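Have a look at the structure below, then the notes.
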Amino acid sequence: MKGYIDRFDSTIAGWAVDMDAPDRPVEILVESNGKEIYRCSAVLMRTDLISSLGRGEHGFSFDATEKNGFFQSMPLQIFALAESKHLLHEGDWVYEGMVARGSDNWLFLNTDFNQVNLRMAGKVGVNPDDIFKTALQFSTRDALLFKMNIKYISLIMPEKNVVCARYLPSLKVSELRPALLILEQAKKFNCRILYPVDKFIAEKADLFYKTDTHANAYGYQLIYKMLAQEAPEFFNLELLPSPVLNSRFCGDLGGKMTPPHFEETLVFPRPESSTHFYQYDRVKEVIDAGGRLRGEVVSILNRNAKKKLLVFGTSTAYAALPLVSCAFEQTLFVWENTFDYRIIELFSPDCVLWLPAERFLPMDVDDLKGLPTSFERIKALLAEKT
């Protein structure tokens, strides 16, 4: 039996495979003092396992919430089951709650993998070397894309917990949070990074969903307008579509509550017409399946525009696609904060956009390693006739 636990907090995740029977899914069992708490199968795709194991359908991930039988603190043992029980991990599990409840039905990330509230409050120590390396990575991208004569825009999405802190009085936002330290270091490298936190806070309207970690339609409109100011030759304000009312929206935070929290809000629909449509959206398939998203790809075609846009990022960037794709003939999105310069050379974009969320900073990424599985998938995708 081979396996590993990657996360042991509000989400418990890892992988396991029986090397004697790799085609048979391994069952994962979680116990506390000999009592079964939770069980699932290790069947999720993990592309990072392909190179070492030859296949990747051995991952598992689940939310460790009260709904699934977990409580504030308890000793846990995680087993992989085959012919017998194999201990993967054992330890004291402490959970302060993934979702923090604010005033007026506002929900916020709390004790998640990135320890968002603690980071925003400056209570998590950040290694100065990590700050330096992240700023240097950003600056290297800036310089290389300038040399390649490709317009490059790097925009950090301000954290909801910072912008909407008035709804969470218990959170004292720190001026020493990681994003500000990275921006300060990046300036020393003469690197330009957009971080519109002051603009978000200054807006009279709320720019985030109450039940979700992401910005709402008004928030992404502001992002698009900033992109238009930064690169008016690409982002045409006249192409900005109008949002529509979604009367039953349950965000990634509202869905973790019992019962779930819903809200009425404006959203941007996915472009689906004869001239503007998603050619390929592997990300949506993985989201629907509840799997991991590293390196997944979206390609959007829009016959009403010209030029090409390449987007790197995670869910923050994915939510921006209905807007930014309106300004380009083809938009290619890679769900990854790591850059792969082979993809840039292959796709030959007119503009590259990197749109990370503040909570992921600093990041342990290495652009020089690239994303081999994504590259092969994108190469095959671009070879198809559109």
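Every read-out reported here was derived from the displayed coordinates using simple, explicitly stated rules and does not represent laboratory data. Since the model is a prediction, treat every value here as computed from it, not as a measurement. Glycine gets a Cβ as well: all are built from the backbone with ideal geometry, and neighbour counts include every protein chain shown.
Points worth noting:
- Axis of helix 128-147 versus longest Cα principal axis of the chain: the two differ by about 40°, to the nearest ten degrees.
- A Gaussian network model of the chain, with springs between Cα atoms under 10 Å, assigns the largest mean-square fluctuation among VAL365, VAL352, VAL99 to VAL365.
- A Förster radius of 35 Å, combined with the Cβ-Cβ distance separating GLU233 from THR11, puts the computed FRET efficiency at roughly 0.25.
- With neighbour counts taken as other beta-carbon atoms within 10 Å, the residues ARG248, ARG192, ARG292 rank, fewest first, as ARG248, ARG192, ARG292.
- Straight Cα distances below 18 angstrom link LYS187 to the lysines LYS133, with same-chain residues fewer than 8 positions distant left out.
- In this label model, ASN68 and SER52 are separated by 2.2 nm, measuring between points 7 Å along each Cα→Cβ vector.
- Percentage relative contact order, the chain, counting C-alpha pairs under 8 Å, at least six apart: 13 percent
- Rounded, prolate or oblate (a/c below 1.5 giving rounded, otherwise prolate when a/b exceeds b/c) for region 303-386 by Cα gyration tensor: oblate
- Estimated FRET transfer efficiency (LYS188, ASP92; beta-carbon r; R0 41 Å; 0.05): 0.50
- Stretchable slack from LYS307 to ASP367, in nm (0.36 nm times residue separation minus alpha-carbon distance): 19.1 nm
- Largest GNM mean-square fluctuation among ASN337, ASN190, ASN216, using the chain with Cα springs under 10 Å: ASN190.
- Of all lysines in the structure, the ones whose alpha carbon falls short of 22 Å from that of LYS160, not counting any fewer than 8 places away in one chain, are LYS123, LYS172, LYS199, LYS204, LYS210, LYS225, LYS256.
- Of ASP48, ASP288, ASP212, the residue with the greatest mean-square motion in the GNM of the chain, using alpha carbon springs below 10 Å, is ASP288.
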